[in-house]
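Q: Below: one structure in structure tokens.
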Amino acid sequence: MPLLRFGAVLLFAFSLVFSSNPVPEAALDSPSVDAALRAIRPDAIRAHMRFLSDSLLEGRATDSPAYGISARYVATELESLSLQPGEDGSWYQNVPFRKSLLDQSGSTFVFVKDGKEQALVDGQDYALTANIAQQQLSLDAPIVFAGFGVSAPEENYDDYAGADVRGKIVAVFSGAPSRFASTIRAYYADDMIKARAAESHGAAAILTLFLPEDLKRQPWDWNVPQYRAGETRWLEQTGQPHNPYSYSGVAILNLHAAKLLFEGAPHSLEEAYVAARHSRPLTFALPWNARVRSTYSMKSFSSPNIVGVLEGSDPKLKREYVVYTAHVDHLGICPPIGGDNVCHGALDNASGVAALLEIARAYASLPVRPRRSIAFVFVTGEEAGLLGSDYFAHFPTVPFSSIVADVNVDELPGLLYPMKNIVALGAEHSSLQFNAERAAKKMGYRLVEDPMPEENFFIRSDQYSFVLRGIPSVYLSDGPGSSDPAVNGLEIIRKWNVTRYHTPLDSMDQPLDFASAARATRLIFLVGYDIAQQDQVPVWNRDDFFGSRFGALHPSSNPSR
């Protein structure tokens, strides 16, 4: 859906309130900028992707030796561009991790009613999840259905209103109410936010259920290995896991187990579906207890972010940084398809790494460097929960207060079809909207709203780590429109998400449009370049949902400063 022209006018007026010195349109129109755009090469994007998604790299799992090869490749490319290392003379920022894996042989899960156990089949009815906070879990507690498990007072919505869940297990649907705006819906769908809501109400644990339409988008057989991959956290300087909450979930339940759970309940499972689809809170006790016994093994390891810096040209502004991010890691070895058990991660995210390397090349080719400095941050651990970017956002290799914005590249737009519009996720919350608008205009794109808010993309990539630290951020992703009238872009995206995403089929064997991808890469270059050239730092919109929550962590982005 295109952004309304009237809304764009209002947003521009907002920018004048927050910026006494708006960026001139001509900032993006110069022979040197056009030459830099031409330095971004479709063939180079393809070559980077081909190497990084090759079977020899075994899917680039965060804790694998193959990830180290990928990191070395990226560092070598940055060195070839004469950038500066970002971490005390090293290209690598090593991130310490701890990983928890469920011991399936020593773990059980059953429903209990009137002293009788209802047997369930592991992997078919349920899948237990790992827990970084403890090595053993023993739990026997009543279950309460609590809608989405969301408390959102500013949206006048609370699944916990009037409910007593103290010491009980809450069963909740994945996701969040559809009436919420896309990025706010994504925020409340975040497991961390649901965990905090459950904990604040005294719940003992969370069971996750799925709406039937969610299981069409992400089938059960796809979900199970994702949840069984374990839970990973980066380690604080004390050696303890960061955010070691024990409410991340005990298990996910398939349709058969969910139907059993609602047998004899005050409301049927179908009534719960209807309430959820209409964004209507519905909470009630279920007639079962859950009895859980699980054990976990722990593993410690380290994996590097890769950081390169291009120093800015302005004597004052070069002390400020525009950060670009792309994640290098993927899933490693995964359930095979057609005899191939490597999750190649060509789009996700060899494409983003390739694009960011070409963006770095474009910056290095400029005869005059941008006014602000540019930090190129290739992160680890994204697939485990945005961990490398979160670590960098907490321990940046440049002064935290000097980071003015993050521009993220994940699943490079344009590879699946020739795009005519693009989504700038998160830009609408800050003055970055205008940078994205200007860059899109120069490249002939139109900005559109998120066409798939149910996917919660805003919280699923690395720009979100910077948002949580109060830094205005944007993630450029595919718009649904195609310049080829015979192509339905939205249909292609949705089909890709349910057939290739996080499977071995995300490889270089799929149809890919590198000319279209190079055009999108040029757009992403322009967004960051525009930020680097402007006089003022990006700011959150006044009274913005995310700026109000997190802007105080990074005062330079607060419009009221």
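The values are calculated or read from the model by the stated rules, or taken from the named source; none is laboratory data. All of these numbers come straight from a predicted model, not from anything done at the bench. Here the Cβ is made from the backbone with ideal geometry for all residues, glycine too, and neighbour counts use every protein chain on show.
Q: Starting from region 475-501, keep only residues that are in contact (Cβ under 8 Å) with a residue 12 or more places away in the chain, then list their pairs with residues that are surrounded by fewer than 16 Cβ atoms within 10 Å (Cβ to Cβ) and of a type in the set (Lys, Arg) whose Cβ atoms are within a distance under 9 Å, requiring at least 6 positions of separation or different chains.
A: From region 475-501, the pairs are Gly479/Arg446; Gly481/Arg446; Val498/Lys216.
Q: Kindly evaluate Ser303 against the criterion of being modelled with pLDDT under 95 and crowded, with 20+ Cβ neighbours inside 10 Å.
A: Criteria not met by Ser303.
Q: Hey, can you tell me all the residues within region 185-210 that are surrounded by fewer than 17 Cβ atoms within 10 Å (Cβ to Cβ) and on the phi < 0 side of the Ramachandran plot?
A: Met192, Arg196, Glu199, Ser200
Q: Further, regarding this structure: Restricting to region 148-191, name every residue that is touching a Phe, Trp or Tyr at 6+ places or on another chain (Cβ under 7 Å), in a loop (DSSP other than H, G, I, E, B) and not hydroxyl-bearing (Ser, Thr, Tyr).
A: The answer is Phe148, Val150, Asp159, Gly175, Ala176, Pro177, Phe180.
Q: Which condition breaks for Arg38 when tested against (1) at pLDDT 95 or above; (2) buried (at least 19 other Cβ atoms within 10 Å of the Cβ)?
A: Every listed condition holds for Arg38 apart from (2).
Q: Any idea how many residues of region 307-342 are over 22 Å from Tyr67 (Cβ atoms) and crowded, with 24+ Cβ neighbours inside 10 Å?
A: 3
Q: Can you name every one of the strands (runs of 3 or more DSSP E) wholly within region 372-451 that holds 1 or more residues which are touching a residue at least 40 places away in the same chain (Cβ under 8 Å) and buried (at least 24 other Cβ atoms within 10 Å of the Cβ)?
A: Counting at least 1 such residues, we get 373-379, 403-408, 421-425.
Q: Consider Ser557 against the criteria (1) surrounded by 20 or more Cβ atoms within 10 Å (Cβ to Cβ); (2) assigned by TED's automatic domain parsing to the domain that holds Leu432: it satisfies all of them except one. Which criterion is unmet?
A: It fails just one condition, (2).
Q: Of the conditions (1) more than 23 Å from the chain's Cα centre (by Cα); (2) touching a residue at least 60 places away in the same chain (Cβ under 8 Å); (3) assigned to a loop (DSSP other than H, G, I, E, B), Asn131 satisfies every one except a single condition; which number is it?
A: (1)
Conditions tested, residue by residue: (1) among the basic types (Lys, Arg); (2) within 29 Å of the chain's Cα centre (by Cα); (3) farther than 27 Å from Pro335 by Cβ; (4) part of a loop (DSSP other than H, G, I, E, B).
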| site | (1), (2), (3), (4) |
| --- | --- |
| Trp222 | no, yes, no, no |
| Gln226 | no, yes, no, no |
| Leu260 | no, no, no, no |
| Tyr273 | no, yes, yes, no |
| Leu286 | no, no, yes, no |
| Ser294 | no, yes, no, no |
| Met298 | no, yes, no, no |
| Val307 | no, yes, yes, no |
